[in-house]
Structure formats: C-alpha cells, structure tokens
Amino acid sequence: MADWKSSHFWYCLPLHSGVAEVSMDKILVLYSSRDGQTRKIVDVMLEEISGCEVVMQDLHTLPKCNLSKYAKVLIGASIRYGNFHPSLLSFVHAHHEQLEVANAAFFCVNLTARKPEKQTPQTNAYMKKFLRLSPWKPKTLGVFAGALQYSRYNWWQTRIIQLIMKMTGGSTNTSKDLEFTDWNKVRDFAKAFWSKR
C-alpha cells in the first residue's frame, strides 16, 4: 500500500475521538513548501479530520481547480527570503472569485513567527503582505513558525539565511537544525477550521 502522505489523493479514516467528522465531503488542500515544513504542517492538520475525501495539490505545479466541488479548501504557504513562491499569488489571482465564496482558509509559515509578538495574523508582517497583494481576503487565517534547516541549504542559501538570522536575533549555528513550529497551535487551528460550517 502506498504511503498516504506521499499520495496525491487519499481518504480520511477514523483516527481517534475528537477528530472532526466531515461525512465523505471532498476537501482540497493546496500547499507551497520549500524545505518540507509547510507540507509537514499540512499532514499534522489532516490528522485532525476523518470521514472525508482529500485531494492534495502542490501549488508549484500551478494547478487549476474548480473549487465549487469541495466542501473546504485549505491553502498553506511558506516564506523564503521574505517572499511567497510566485505560484501562490498566481493561483489566488486565478481563483479569487471562487475562493471568496468557498469555505476556505489560508495559513503562512515563516521564521518571523518564532517571536511571540509576531505570530498572529494581525501582527505578522508576511500575513499583512499576503493580504496586501491578494485579491482574496480569507476569513480564516493562521500563522505558524517554521523550521531553520541548515542541513538542507546549499552554501549560498546558508550564508543568506545566516545573515537574516543575525539581523533578527536568530541562530547562525549551522551544526543543528531548529524547529519552531507550535504543534498544539497547528492542531487547534485545524480542529477549528475542519469543524467550521
């Protein structure tokens, strides 16, 4: 059997008490992940739902979707060097009219959110940037801290990220990776969104 986390399409199965039931509704999940942390966050969110059919799409493939086919739409995107991947805004601009009427949520993942005063949609600079650039204004928003994964960066990426970390008071120690994601916050966001009607 194929690993469900790597499949494009899979069914939610009952997991544990407290998991939201969605009665075989179809859920669309779109993500933009550079080093895998945003995808990891999506996978944890999907552990909080059962009884549904999930379609996963990597935004970097520039998918075209009929959002009216889905009971819920979840979009998550990471920040790299201060910017979202261009595919995120391409998708949002192409689908904003459908997104406005869909039961849809958006979350962003960035290292700035490791700081308590910058981990809400109202205080996070990258969420503000998204809302400024996007014709879609999601009613459900989330911000999560990502991971500092020096082991995955090439020499040039490491130097740039070290510079950014030095400027923002983060770790420049390349000998270890650091994960800042608050998994309880991720699960709480997921439970609230999956339960929203």
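The values are calculated or read from the model by the stated rules, or taken from the named source; none is laboratory data. This structure is a prediction, so every number in the text was calculated from the model and none was measured. Glycine also receives a Cβ, built like all others from the backbone with ideal geometry; neighbour counts cover every protein chain displayed. With ligands, DNA and RNA removed, areas are computed over all heavy atoms of the protein, side chains included. Shrake-Rupley method; radii C 1.70, N 1.55, O 1.52, S 1.80 Å.
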Counting only residues that are in contact with a Phe, Trp or Tyr (Cβ under 9 Å, 6 or more places away or on another chain), farther than 18 Å from ALA192 by Cα, of a type in the set (Lys, Arg) and buried (at least 18 other Cβ atoms within 10 Å of the Cβ), region 34-82 contains a total of 1
message: Quick check on SER50: is it more than 27 Å from LEU178 (Cα to Cα) and modelled with pLDDT of 95 or more?
response: no
The number of residues in region 34-52 that are more than 15 Å from GLY142 (Cβ to Cβ) and polar (S, T, N, Q) is 1
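Take MET165 and decide whether it is touching a Pro at 6+ places or on another chain (Cβ under 8 Å) and either among the aliphatic types (A, V, I, L, M) or in a helix (DSSP H, G or I) (or both). Explain how you work it out, then say what you get.
Numbers: touching a Pro at 6+ places or on another chain (Cβ under 8 Å): no; either among the aliphatic types (A, V, I, L, M) or in a helix (DSSP H, G or I) (or both): yes.
Against the criterion (touching a Pro at 6+ places or on another chain (Cβ under 8 Å) and either among the aliphatic types (A, V, I, L, M) or in a helix (DSSP H, G or I) (or both)), MET165 does not qualify.
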Could you please let me know if PHE144 is closer than 30 Å to SER68 by Cα, of a type in the set (Phe, Trp, Tyr), crowded, with 18+ Cβ neighbours inside 10 Å and in contact with a strand residue (DSSP E or B) (Cβ under 7 Å, 6 or more places away or on another chain)? yes
Cβ pairs under 6 Å, 6+ apart or interchain, first in region 92-119 and within 29 Å of GLN149 (Cβ to Cβ), second among the aromatic types (Phe, Trp, Tyr) and open to solvent by 10 Å² or more (accessible area, probe 1.4 Å), ordered by first then second residue, are CYS108/TYR126; ASN110/TYR126; ARG114/PHE180
Of (1) part of a loop (DSSP other than H, G, I, E, B); (2) of a type outside the set (A, V, I, L, M, F, W, C); (3) in contact (Cβ under 8 Å) with a residue 40 or more places away in the chain, TYR126 fails just (1)
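Yes or no, residue by residue, for (1) acidic (Asp, Glu); (2) open to solvent by 60 Å² or more (accessible area, probe 1.4 Å); (3) within 18 Å of the chain's Cα centre (by Cα):
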{"position": "VAL92", "(1), (2), (3)": "no, no, yes"}
{"position": "GLU100", "(1), (2), (3)": "yes, yes, no"}
{"position": "ALA105", "(1), (2), (3)": "no, no, yes"}
{"position": "ALA113", "(1), (2), (3)": "no, no, yes"}
{"position": "SER134", "(1), (2), (3)": "no, no, yes"}
{"position": "ASN184", "(1), (2), (3)": "no, yes, yes"}
How many residues of region 115-127 are under 15 Å from LEU88 (Cβ atoms) and open to solvent by 40 Å² or more (accessible area, probe 1.4 Å)? The answer is 1
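For region 147-170: of the residues being of a type in the set (Ser, Thr, Tyr) and surrounded by fewer than 16 Cβ atoms within 10 Å (Cβ to Cβ), which is nearest to TYR31 (Cα to Cα)? Write out each step before concluding.
Taking region 147-170 as the starting set, the residues that turn out to be of a type in the set (Ser, Thr, Tyr) are 150-151, 153, 158, 168.
With surrounded by fewer than 16 Cβ atoms within 10 Å (Cβ to Cβ) added as a condition, the list becomes 151, 158, 168.
Values: SER151: 22, THR158: 24, THR168: 26 Å.
Residue satisfying both the conditions and the ranking: SER151.
Which count do you get for residues in region 171-182 that are of a type in the set (A, V, I, L, M, F, W, C) and open to solvent by less than 60 Å² (accessible area, probe 1.4 Å)? Spell out how you get there, then give the answer.
Filtering region 171-182 for residues of a type in the set (A, V, I, L, M, F, W, C) gives 178, 180.
From what is left, the residues that are open to solvent by less than 60 Å² (accessible area, probe 1.4 Å) are 178.
Matching residues across region 171-182 total 1.
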Checked region 129-162 for anything part of a loop (DSSP other than H, G, I, E, B) and of a type in the set (Ser, Thr, Tyr); matches are SER134, TYR153
